[in-house]
1. Please enumerate, by chain and number, the lysines with C-alpha under 19 Å from the C-alpha of Lys185, excluding those fewer than 8 residues away in the same chain.
2. Report the extension gain between Ser379 and Leu293 in nm, rounded to one decimal, defined as 0.36 nm multiplied by the number of residues separating them, less their alpha carbon distance.
3. Arrange the peptides 278-291, 227-240 so that the one whose residues have, on average, the most other Cβ atoms within 10 Å appears first.
4. Could you please report the charge total around Arg17, scoring K, R as +1 and D, E as -1 over all other residues with beta-carbon less than 14 angstrom from its beta-carbon?
5. How big is the range 194-234 by Rg and Dmax over its Cα atoms, in Å?
6. Say the cut-off is 30 Å between C-alpha atoms; which of Lys10/Lys91; Lys87/Lys434; Lys10/Lys241; Lys407/Lys427; Lys91/Lys427; Lys140/Lys312 go over it?
7. Which net charge results when you count Lys and Arg as +1 and Asp and Glu as -1 among the other residues whose beta-carbon is under 14 Å from that of Glu243?
8. Taking the Cα-to-Cβ direction at Asp234 and at Thr286 and moving 7 Å from each Cα, how far apart do the two end points lie in nm?
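Quick note: the coordinates plus some simple rules give every number you see, no bench work behind them. From a predicted model like this one, the values you see are computed outputs, not experimental measurements. So basically every Cβ, Gly included, is an ideal-geometry build from the backbone, and we count neighbours across all protein chains shown.
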Amino acid sequence: VADLWWIYSKPVPADGRELWTLFLQCSCITAVIGGLFYNWMFASLEYSWHLSVAMAVSFSLLLLLTLLLVHPARCVFSMIMPTLGTKQGRKLLFSTCIMIAVVNITPNIISNIKTILQVIKCICKNSSDSLLNSTTLLEKVSWEFGDAIQETVHSLYKPMNGHFRFSLLQNSSLIYQKMHLAGEKISREFLSVEVLVRDSMLVANRLAAGFFMLYLCFESTWYLKNYLTDLHFDNFYITKKLERLAVDRKAAHLLVGSSKKLLRPTGLKLSWEEVVLSLVQAMLVTVALMLMLVVVAMDHFAFSVADTAVRKAAQFSVVPVTLNIKYKVEIGIMPFLFKVFGRPSVELLLGDFNRTYHHHLIFSSAHCRISPATPPNPSVLLVVGLLFCILYATVFLETYARRLCRKIAASFFQSWEEERVLYLYRKLSRRHRK
């Protein structure tokens, strides 16, 4: 492994064997990266498969030529891997979480809202049917009551017309048509909103993912540029070269006295600044986690409401309605004379009407087309939880990722690393003399 890394990090291969070894190394790297790039474009960013294949093949060929011919590009590419453990890698993971929420969680919420609207539409349609049918019952009651009024004992007391004029709404199809059009309009609006949100978030996520990838490359390039141009940049580590230099010049006491300010690149010790930065980044990840939990809670709440609405709508009982009419007409014969003589009044019964009518109001029907509530996908929650575990891990591993970047740069530019070690040694010597 050490020999392979030595060949990979050398500026120019020494012979044909090293050239073929470097070519095989770069070919294996580009094959793996090309496959990951295709899966990222097709599965995460939802590009078409033929565009994903074309982009992956083109990117792999370009990467192969770049790694094979450009020595600093190999260094930058090697530093991209540990840079994924820094804030730039977290931005890519955040982009992936947003895409998962847009593709899987948001459509599920909208689907459950549609189910709730279907239940409301079904209840409105069946209740309106029952109300329209009740008008037919009222028309029947009015005519029977009118006939009873007409049927008196003597035609002298018979009214001219005992029927009520009941205005019955006959055009019930117009109501059904308007309800159907209203339901279709709501469905189209929800579909347009769903498509708009999905397309907008997809485009935004693609742009953000592309920007984060370019910025990831820029971050590695920026680190290498500062490493090669600024001797003071990220130069506070007790490396083996620094220890050998101090021992050769009989100044090992410089490293002992500066142990609080210098760190070992392979050690686990963190400086106070690194601890504070890790805690701040952990708080930002926690805020993003809270926002994602709000979206997940909305998904569960929408499913709970939709499932309850579907079950309760199926359990709606028929509401019985009873209409009871009592009608009695009597006429008194000379009530004044009977009252003077203290006799009870004699009354003549002209009409008696006592009937009961029954009707049922129906709020739900088996003929309603109601799609079942869609439960949240547990695999989506598992993936999101795993991504946030990785995010929290990168927060505390970011310091070690930057140390690894420095070690990679030092292995690619060993002569410059010696200059940096010598600069740090002189800086410690001046500080010790003061």
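1. Hits, sequence-local ones excluded: Lys114, Lys121, Lys125.
2. Between Ser379 and Leu293, full extension yields 29.4 nm more.
3. Numbers: 278-291: 13.4, 227-240: 15.4.
Descending mean neighbour count gives 227-240, 278-291.
4. On the way: positive: Lys10; negative: Asp3, Asp15, Glu18.
Local charge sum for Arg17: -2.
5. Using the Cα atoms of the range 194-234, the pair Rg, Dmax is 17.0, 54 Å.
6. Lys10/Lys91; Lys87/Lys434; Lys91/Lys427; Lys140/Lys312, as the Cα separations exceed 30 Å there.
7. So the environment of Glu243 carries a net charge of +3.
8. Once both label points are built, they end up 2.9 nm from each other.
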